[in-house]
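The values are calculated or read from the model by the stated rules, or taken from the named source; none is laboratory data. Bear in mind that the values here come from a model prediction, so they are computed numbers and not experimental data. We place every Cβ from the backbone using ideal geometry, glycine too, and count neighbours over all the protein chains shown. Note: accessible area is taken over every heavy atom of the protein model, side chains too, but ligands, DNA and RNA are not part of it. Shrake-Rupley method; radii C 1.70, N 1.55, O 1.52, S 1.80 Å.
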Amino acid sequence: MASSLTCTGVIWALLSFLCAATSCVGFFMPYWLWGSQLGKAVSFGTFRRCSYPVHDESRQMMVMVEECGRYASFQGIPSAEWRICTIVTGLGCGLLLLVALTALMGCCVSELISRTVGRVAGGIQFLGGLLIGAGCALYPLGWDSEEVRQTCGYISGQFDLGTCEIGWAYYCTGAGAAAAVLLCTWLACFSGKKQKQYPY
């Protein structure tokens, strides 16, 4: 099976896939922020949440429903900053995934990834990583929303966690983006084989 990638290119393709998968899994999981409410563990992502309070009519009190899910609508996301973070991080993950899948196809298809295509792919990865990084930077701006304050002891604010903790999914998303920007972008420059010059 012919490949359009150099040895460095194969490493780039595999690393690109790992970075994209890491960022995408972290983005989708609702474990960016951990706290507690009514004695139950609560976690948030950018567009998902685990455990939420509902009013129990029979007992006339608030109870926690311990399940994970998306917010009912885009406007249901607790803050404008988290809505922007969802869009920006989602776009970044999409770009990383697009490049990773193209790079993996380059392992099997000859003349798919030239040096120029590799450099363009590296630029797209750089942009994707920057978008995810921007999303991660925007996320703490939403910590002052009422939903987060209820979970973080009513003392959280922008860039102030209160009683909450940053979850593994936040680090996972950021680490995938950082590796894409710092490693994959550089490796992409050496990924494609020099194209053959045809006499015609």
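Below are the figures for this structure:
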item	result
Search result, residues across the stretch 89-117 that are under 21 Å from PRO30 (Cα atoms) and either open to solvent by less than 10 Å² (accessible area, probe 1.4 Å) or in contact (Cβ under 8 Å) with a residue 40 or more places away in the chain (or both)	THR89, GLY90, LEU91, GLY92, CYS93, LEU96, LEU97
Odd one out for VAL120 among (1) of a type in the set (Val, Ile, Thr); (2) part of a helix (DSSP H, G or I); (3) open to solvent by less than 50 Å² (accessible area, probe 1.4 Å)	(3)
Residues that are open to solvent by 30 Å² or more (accessible area, probe 1.4 Å) and basic (Lys, Arg), drawn from the stretch 34-57	LYS40, ARG48
Condition check for ALA169: closer than 22 Å to GLY76 by Cα, free of Cβ contacts under 8 Å to residues at least 12 places away in the same chain, within 14 Å of the chain's Cα centre (by Cα) and assigned to a helix (DSSP H, G or I)	no
Any hit, the stretch 134-156, residues being closer than 13 Å to CYS184 by Cβ and either in contact (Cβ under 8 Å) with a residue 60 or more places away in the chain or in contact with a strand residue (DSSP E or B) (Cβ under 8 Å, 6 or more places away or on another chain) (or both)	no
Test: residue in the stretch 58-78 that is outside any helix (DSSP H, G or I), open to solvent by less than 20 Å² (accessible area, probe 1.4 Å) and in contact with a Leu (Cβ under 8 Å, 6 or more places away or on another chain)	no
Matching residues, the stretch 42-78, being in contact with a Cys (Cβ under 9 Å, 6 or more places away or on another chain), at pLDDT below 95 and of a type in the set (Gly, Ala, Ser)	SER51, GLY69
